[in-house]
Amino acid sequence: MTESYVIIGDGISGSSAAETLREEAPDADITVVTDEGEPLYNRILIKEFAKGKLPEAPISIHDEDWYDERDIDLKLNTLVTGLDTDAHEVYTHERETLEYDKLLVATGGTPAQLPVPGSDADGVHHFWTFQDARRIREDAEDADTGVLVGAGLLGIDFAAICAAQGVDAHYLMRGDRWWRYALSEDGADIIHEALDEKGVTPVFDSGASEFITDDDGNVVETVDSNGEHYDSEFAGVAIGLDFNVEFIQDAGFDIETGIIVDEYMRTGVEDVFAAGDITEFYDVVLEDHAQNGSWGSAKQQGSVAAQAMVADDVEDDVEEFRWVSSYSITHFDFPFLSFGFPTRGDDECERTYDDQEWRRLTFKDGKLIGGVLIGNLAPQSKYKQLIREEAQVADQKEVLLEENFDLDDLDF
Ligand SMILES: Cc1cc2nc3c(=O)[nH]c(=O)nc-3n(C[C@H](O)[C@H](O)[C@H](O)COP(=O)(O)OP(=O)(O)OC[C@H]3O[C@@H](n4cnc5c(N)ncnc54)[C@H](O)[C@@H]3O)c2cc1C
């Protein structure tokens with residue numbers, strides 16, 4: 001009998017799963033459901049579109065023909081509202097029922113809203129979809145002043161958009177530095193100076209407590225937690241994601257912040273798998289559950305999930321998810337890369353090399369698990385190799401921090 005596979009979500013994890021499924025199961029019925037109105041596009045590049053640096057065309061990855069050619073049934077503008085895992089059925093907002101033999105949940109997250117007055121005003125933006133990017137670009141082009149909230153990897157994209165669009169912006173940060181969970185003051189200061197140079201002013205020990213609007217409901221001013229007022233015809237909020245799990249809340253899944261899966265993307269509910277940002281996956285190096293918000297990781301998880309969905313014997317037939325994720329920022333004159341798990345671990349070391357070069361490494365149980373590189377990304381592949389090989393190197397920090405260290409100089 002023909003197997004039927006349903007994938008919820010056409011982001012990179014869902015789409016990569018569909019591609020792998022078609023390769024592995026040429027005759028299967030495959031359906032991909034997405035609430036977005038367009039097929040897979042490059043979410044990483046939508047910030048360049050919002051900056052005004054790229055037109056629409058190169059951001060798209062697949063058109064509808066891509067799915068037709070592979071005999072994949074793509075359902076756009078279709079929200080999944082519930083599922084019955086005993087009956088093996090998925091329900092959509094149009095009361096359609098989709099039956100599955102195997103199901104993949106690849107629904108990612110939605111940006112969280114600040115719980116403060118005015119956070120839903122016109123001109124207050126959150127950033128996840130191409131549609132968001134179109135609105136952000138339009139508003140940023142018209143704005144003279146802006147405020148940004150959220151001292152992390154998505155917040156800094158808003159800052160770069162304001163800089164590129166000539167918006168005079170204040171970047172309100174809750175603590176004393178940008179991305180304080182991964183960077184020390186020395187590392188963060190390199191970023192602060194680069195922001196300043198681009199016309200974005202960092203404001204520390206701050207945060208938005210209210211967005212004030214004009215009579216038409218457009219944001220005009222932001223009040224911070226210290227009562228300071230900042231002119232802001234544009235506001236960008238990036239304080240984290242709410243993971244899209246509402247429709248499975250009562251379906252028996254193990255959910256913490258995301259869906260708990262093992263290293264093969266199995267959820268524990270029979271015939272249901274999950275992949276991408278939505279998962280809290282078992283990381284075989286960390287020997288613990290973890291979440292990744294990165295493109296490469298989501299793509300690989302989609303592929304592993306698809307292989308597990310078709311496998312007769314998952315442990316024998318499928319290679320576990322063993323991946324060192326990385327996330328780069330290209331907004332400044334110097335490169336920036338975080339890799340692995342820079343915000344976790346029980347040990348760390350760091351070094352400043354010059355005013356635009358800095359490095360920090362994190363360790364757990366003696367193993368390297370992640371880090372941040374500013375200015376010089378050359379050692380990234382060596383660090384990633386050490387992570388993948390689970391090398392015990394925490395006792396050799398001096399060698400690891402040498403500017404051009406050699407793997408042969410390490411004893412492991
Ligand atoms: C502006 C921006 C910049 C980024 N920059 C980088 C970067 O430089 N490097 C990097 O590695 N990563 C970056 N990321 C993160 C990266 O894009 C994500 O980690 C990755 O796209 C996650 O893919 P996913 O398939 O797991 O989820 P998503 O891409 O979020 O896809 C999930 C899909 O499921 C749909 N969906 C959700 N619920 C339902 C439902 N109930 N019914 C139907 N459909 C549903 C959603 O609309 C969405 O289309 C960036 C993200 C953003 C927003």
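Just so you know, all these numbers are worked out from the coordinates, no wet-lab data involved. Note that this is a predicted model, so its numbers are computed, not measured. Neighbour counts are summed over all protein chains in view; Cβ atoms, including those assigned to glycine, are modelled from backbone coordinates with ideal geometry.
The orientation-averaged projected area of the convex hull spanned by the Cα atoms of the range 161-250 comes to 8.6 nm². By the combined test of axial Cα extent (at least 15 Å) and Kyte-Doolittle hydropathy (mean at least -1.0), the qualifying DSSP H helices of the chain come to 12-24, 185-197, 295-310. Can you tally the net charge around ALA140? Count Lys and Arg as +1, Asp and Glu as -1, for every other residue whose Cβ sits under 14 Å from the Cβ of ALA140. My count for the surroundings of ALA140 gives -4. D by Stokes-Einstein for the chain, Kirkwood Rh over Cα pairs, 37 °C, 0.692 mPa s: 145 µm²/s. In percent, rounded to a whole number, the relative contact order of the chain is 14, using alpha-carbon pairs under 8 Å and six or more apart. Evaluated over the chain, the count of Lys pairs having alpha-carbon atoms less than 18 Å apart is 13 (only pairs 8 or more residues apart or interchain). Distance between Cα centroids, the range 245-298 to the range 26-78: provide it in whole Å. With the range 245-298 and the range 26-78 each reduced to a Cα centre, they are spaced 23 Å.
Relative contact order for the range 328-409: 27 percent, from Cα pairs under 8 Å spaced at least 6 residues apart, divided by residue count.
Across the range 277-412, Cα-Cα pairs more than 23 Å apart make up 37 percent of the total. Using the Karplus relation 6.51 cos²θ - 1.76 cosθ + 1.60 with θ = phi - 60°, the per-residue 3J(HN,Hα) values for the range 395-409 come to 8, 10, 5, 4, 5, 4, 8, 4, 3, 10, 5, 10, 4, 5, 7 Hz, with x marking Gly and Pro. Percent relative contact order of the range 115-237, based on C-alpha pairs within less than 8 angstrom and at least six residues apart? Reported as a whole number, the value is 35 percent. Could you check which residue among ASP231, ASP214, ASP132 shows the biggest mean-square fluctuation in a GNM of the chain with a 10 Å Cα cutoff? Highest fluctuation among the options: ASP214.
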